[in-house]
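Trainee: Pasting a structure below so you can have a look.
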Amino acid sequence: MTKKLKIYSTISLFILGSCSIAGSWVYERADGYLAEYFKEYAYFSEEQKNEIDKVTENYVNWFTLNELPMIRTILVNMKDINNNNAESLINETYLNGQGLFERSNKYFEKSIVEFSKTLTDLQVDEIKNHFDEIQIEREESRKKEKDYAEEVFENFSSGFRRLNIKLTNAQKDFAKENIKELKNTRPEWSFFQEKWVEEFIEILKKRNDKGFEKNITSHLRSFENFGDQEFQLKRKNNEQVTIKIISGIFSSASEKQIKGMNRRIETYIASIDRILSNRSLE
């Protein structure tokens, strides 16, 4: 379960962010942060809290041993990006990232299924109320949302800034022109997420029924592909346009921009190396 509904991907993003932005200090405390994150959903018993602590600690250990080395390889490969290989390398990086999230999704399945069996009726109601609060917050936030194209452009700009790349005017114009091809899926995302949660809560209410494990596992796996065919086509279009924009910017990147990015990537790699080294000494 997750505040933003993207149950597992949010966790992986947190892990990656703590590693790349704040370095090994935050990463080594990631299991504690994740545990507190899960505990916000309801008033859990001490036994349940201990189980959450154990699951999140095991997840961070698994992520460190299995995913961090792969992320390091992705970063090393990104240092080789140039005007000629940008499109193929960005596509490869996207697929690798997608695989990372899918593996994290699968990792948590069994734990969520087993933990769900320990819930009381009151806790299921509390989880529902928590999701309802999230929906209210989302609706309030939506009232303050910027123009879709403007917000997307800011996201692209901030993403490249995190890579130590300041976009040129020509690159900004390229991004803005291609952003016009994106489909605004915010209303659909909200609708289908809310529907997914409603179905999730109904499944939790039947946690003692025969077939519960199969039903909840199937529902958890459905999150990444929820929505109707039209919505899925819009998502696919947006993925392709996003890759085109990122690839196009890298294809036009100057030597100075690439060098700046490589310096930033080196800091990320150094953080990963410290984490892996610390774990090997334990």
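No lab work stands behind these numbers, since they all come straight from the coordinates. Computed from a prediction, not measured in an experiment: that's the story for all the values here. A quick note on method: Cβ atoms are made from the backbone with ideal geometry, for glycine too, and the neighbour counts reach across all protein chains shown.
Trainee: Straight-line reach only, C-alpha to C-alpha below 16 angstrom: list the aspartates and glutamates that K256 could link to, leaving out same-chain residues fewer than 8 apart.
Mentor: Straight-distance partners of K256: D80, E266.
Trainee: Moving on to the next point. Go through N262, A30, S222 and say which Cα lies farthest out towards the positive end of the charge dipole of the chain; charges sit on Cβ, +1 for Lys and Arg, -1 for Asp and Glu.
Mentor: N262
Trainee: May I pose another question? Subtract the Cα-Cα distance of N77 and E133 from 0.36 nm times their separation in residues, and report this length gain in nm to one decimal. Please report the intermediate quantities before stating the final value.
Mentor: Details: separation 56, 0.36 × 56 = 20.16 nm, distance 4.17 nm.
Contour length minus Cα-Cα distance gives 16.0 nm.
Trainee: Next question. I need the Debye-formula profile for region 9-281: one equal scatterer per C-alpha, no solvent, reported as log10 I(q)/I(0) at q = 0.12 1/Å, two decimals.
Mentor: Result of the Debye calculation: -0.92.
Trainee: At q = 0.15, 0.18, 0.19 Å⁻¹, work out log10 I(q)/I(0) for region 45-194 with the Debye formula, treating every Cα as an identical point scatterer and leaving solvent out; two decimals please.
Mentor: Per q value, in the given order, log10 I(q)/I(0) is -1.16, -1.26, -1.28.
Trainee: Averaged over every viewing direction, what's the projected area of the C-alpha convex hull for region 221-279? Give it in nm², one decimal, please.
Mentor: Details: hull surface 26.9 nm².
If you wrap the Cα atoms of region 221-279 in a convex hull and average its projections, you get 6.7 nm².
Trainee: Where nothing but the Cβ of Lys and Arg (+1) and of Asp and Glu (-1) is charged, how large is the charge dipole of region 160-232 around its Cα centre, in debye to the nearest 20? Before the final figure, lay out the partial values.
Mentor: Details: 15 positive and 13 negative charges, 93 e Å.
With only Lys, Arg, Asp and Glu charged at Cβ, the dipole is about 440 debye.
Trainee: Using only the alpha-carbon atoms, how far is helix 229-251 inclined from the longest principal axis of the chain? Give it as 0 to 90 degrees, nearest 10.
Mentor: 30
Trainee: Once the dipole of region 46-190 is set up with Lys and Arg at +1 and Asp and Glu at -1 on Cβ about the Cα centre, which of S190, L65, L167 lies farthest towards its positive end?
Mentor: The residue sitting most towards the positive pole is L167.
Trainee: Add -39500 (n - 2.57) for each DSSP H run of 4 or more in the chain, then divide by its residues: what number comes out at 222 nm, to the nearest 500 deg cm²/dmol? If you can, show how the numbers build up before the last one.
Mentor: Numbers: 13 runs with 218 residues, N = 282.
Helices in the chain give a 222 nm mean residue ellipticity of -26000 deg cm²/dmol.
Trainee: Over 25 Å between C-alpha atoms is what I'm after, so list which of K79/K106; K39/K106; K54/K117 land there. All intermediate terms of the calculation are to be shown ahead of the outcome.
Mentor: Working: K79/K106 30 Å; K39/K106 21 Å; K54/K117 17 Å.
Correct reply: K79/K106.
Trainee: Pairing the Cα long axis of helix 46-66 with the longest principal axis of the chain, what angle in degrees results, from 0 to 90 and rounded to the nearest 10?
Mentor: That helix lies at roughly 30 degrees to the long axis.
Trainee: Of K110/K205; K166/K244; K146/K244, which sit over 20 Å apart, Cα to Cα? Mind showing how you got there, number by number?
Mentor: Values: K110/K205 18 Å; K166/K244 18 Å; K146/K244 23 Å.
Table pairs above 20 Å Cα-Cα are K146/K244.
Trainee: Would you mind telling me which residue in K172, K144, K49 has the biggest mean-square fluctuation in a Gaussian network model of the chain, where springs connect alpha carbons within a distance under 10 angstrom?
Mentor: Ranking K172, K144, K49 by mean-square fluctuation puts K144 first.
Trainee: Explain nothing, just the number: dipole magnitude of the chain about its Cα centre with +1 on each Lys and Arg Cβ and -1 on each Asp and Glu Cβ, in debye rounded to the nearest 20.
Mentor: Around 900 debye, computed over the chain.
Trainee: On C-alpha positions alone, give me the angle between the axis of helix 68-78 and the longest principal axis of the chain, in degrees, nearest 10.
Mentor: The angle comes out near 20 degrees.
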